Amino acid sequence: MSNRGSFGSKIGVVLAAAGSAVGLGNVWRFPTEVGNNGGAAFILIYLFSVFFIGVPVMVSEFVIGRNTHANTITAFRKLAPKTWWRIGGIEGVFVAFFISCYYIVVSGWTLHYTVASFLNRLSGDQDYKAFFNSFVSNPWEPIIYTVVFMLMTHFVIVRGVERGIERFSKLMMPMLLLIIAVLVICSFSMSGFAEGITYLLRPDFSKVTPSVVLSAVGQAFYSLSLAMGCLCTYASYFGPNTNLMKTAMSVSVIDTCVAILCGFIIFPAVFSVPGVEPGEGPGLVFITLPHVFNIAFHSVPLIGFLFSSLFYLLLLLSALTSAISLHEPVTAYIHEEWHVSRHRAAGMVTAGCILLAIACSLSMGVWNGFRIGGLCLFDLFDFVSAKIILPLGGIIICLFVGWRLDRQLVYNEVTNNGSLRIRLFRLYIFLVRWVAPLAISIIFINELFLS
Ligand code: PFF
């Protein structure tokens, strides 16, 4: 493909990939996991997982994408023609599509909460659990928000790589970081600040069990957007001078800092309100936090209003940059392989996602009785994509780059044809050959058969 798009600047590359990584996983999932798994000890294991498993897998995806300059399915086919390895590419595109379908439903909720908090409807003494439940089980409202959110994603995708994804990420990521900075500064003033930060930073190793370790590795994968074809597709738009190792490190550092800073925002608020537990589970962001924000800023409602509005805006922007990166691998594949225009390819993906997302959304309400293997459609999509296909994809990527690809090709990509001195190349190969696939296999077996 000679006229493929490409990123125009180094900072654009980092911000687009960081935009993919920073998402609901950081703001919503990470604090919930920290809360459920005992605070700082979890964070330490998480850091280890990010840098010893996540970064090598990310570099491997970059190698595949940049070397072939093609969508993920074509990329595997080019590197290993007529072999079973192509399953790796097919997996990436499929899983990105299926994850999109429920990711945009939760993103639609964040759009609703953002609108509601700006309209000051998330204030006062109300039953936030009932507020949430009546919203998600309403047949129309969540669908409308989901469709609006998807159209926002579509609008960026059709503008292409440089004018759409890159420009949008360059605008959104600094805004996101600014909002985080304002919220962290605000949280200094909360009565639960010291307790919240202690909870986050003091490790208690008695809480560490094998399942805590597995959750940390799983969270690292999800948060870094690995094994879903996204980073591989983004890397296919990298220029010849992009330093793959450095980019992977920058993205991982940004993603991890954002996750931890979100903990700095959420836990002081949670500890400011008596009787609220940090391990509240998935309802943390949509049920506990609106309640907590109200009580914590009871004496100055205006600050409460600003805090909550900015918080949901943060959630929304982060969801948007991630949803864009889930859309792109599928759009790129259809555009390049089915030979239709980028506009039409994006339209097909958007329409398909909306249809399945409507089904997912309804499965939280009127279709809740329809279950497969005991799971409603929403949970089924999450389970099959995040717990089954994703780890398998991670293992395939590691084995492919670690064992199947020519070592010289990998070396040339990582060092930009020998022009960069990469001291850790051997460590990288060791991690990608042995450590990462073994670790992911253990998680996979545990998640599927033992938990
Ligand atoms: N990394 C994103 C998050 O933390 O929310 C989620 C995500 C985006 C996963 C893109 C996978 C992906 F391809």
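The values are calculated or read from the model by the stated rules, or taken from the named source; none is laboratory data. For clarity, every value in this text was computed on a predicted model and none was experimentally measured. Virtual Cβ from ideal backbone geometry, glycine too; neighbours counted across all protein chains shown. Please note that ligands, DNA and RNA were not included when accessible areas were found on the heavy atoms of the full protein model with its side chains. Shrake-Rupley method; radii C 1.70, N 1.55, O 1.52, S 1.80 Å.
Overview of results
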{"read-out": "Descending semi-axes in Å of region 208-301, equivalent ellipsoid built from Cα gyration tensor", "value": "35, 17, 11"}
{"read-out": "Rh by Kirkwood over Cα pairs, then Stokes-Einstein D for region 377-451 at 1.002 mPa s and 20 °C, µm²/s", "value": "154"}
{"read-out": "Region 388-441, relative contact order in percent, only Cα pairs under 8 angstrom and at least six apart counted", "value": "54"}
{"read-out": "Estimated D of region 179-338 in µm² per second, where Rh is the Kirkwood radius over Cα pairs and Stokes-Einstein applies at 20 °C, 1.002 mPa s", "value": "118"}
{"read-out": "Percent RCO, i.e. relative contact order, over the chain, from Cα pairs under 8 Å lying at least 6 residues apart", "value": "34"}
{"read-out": "Most to least packed among 67-78, 243-254 [average Cβ atoms within 10 Å]", "value": "67-78, 243-254"}
{"read-out": "Calculated log₁₀ intensity ratio I(q)/I(0) where the Debye formula runs over C-alpha points of region 1-137, q = 0.19, 0.21 Å⁻¹", "value": "-1.29, -1.37"}
{"read-out": "Rg in Å to one decimal, and Dmax rounded to a whole Å, for region 60-106 via C-alpha atoms", "value": "12.2, 39"}
{"read-out": "Region 1-124: relative contact order as a whole-number percent, Cα under 8 Å and 6+ apart", "value": "13"}
{"read-out": "Solvent-accessible area per residue for the chain (1.4 angstrom probe, square angstrom)", "value": "40"}
{"read-out": "Length released on extending from SER441 to LYS10, taking residue separation times 0.36 nm less the Cα-Cα span", "value": "151.8 nm"}
{"read-out": "Helical mean residue ellipticity (222 nm; -39500 (n - 2.57) per DSSP H run of 4+; nearest 500) of the chain", "value": "-21000 deg cm²/dmol"}
{"read-out": "Sequence of TYR237, TYR145 when ordered by accessible area, the most exposed leading, probe 1.4 angstrom", "value": "TYR145, TYR237"}
{"read-out": "Full-stretch length increase - ASP125, PHE449 - with 0.36 nm per residue and alpha-carbon distance subtracted", "value": "112.3 nm"}
{"read-out": "Gap separating the Cα centres of region 148-222 and region 271-317, nearest whole Å", "value": "16"}
{"read-out": "19 Å Cα-Cα reach of LYS10 towards aspartates and glutamates, excluding residues that sit fewer than 8 places from it in its own chain", "value": "GLU61, GLU162, GLU166, ASP255, GLU413"}
{"read-out": "Semi-axes of the equivalent ellipsoid for the chain, Cα gyration tensor, largest first, Å", "value": "34, 25, 21"}
{"read-out": "Region 27-53 and region 86-117: distance between their alpha carbon centers, rounded to Å", "value": "22"}
{"read-out": "Sulfur and carbon atoms: percent of accessible area, the chain [1.4 Å]", "value": "66"}
{"read-out": "Tensor-based shape of region 147-243 (alpha-carbon gyration tensor, a/c under 1.5 rounded, otherwise prolate or oblate)", "value": "oblate"}
{"read-out": "Theoretical FRET efficiency, 1/(1+(r/R0)^6), r = Cβ-Cβ of ARG433 and LEU171, R0 56 Å, to 0.05", "value": "0.90"}
{"read-out": "Gain in span if fully extended, TYR411 to ARG371, counting 0.36 nm per residue against the direct Cα distance", "value": "9.6 nm"}
{"read-out": "Rounded if a/c under 1.5, otherwise prolate or oblate - region 117-184, Cα gyration tensor axes", "value": "oblate"}
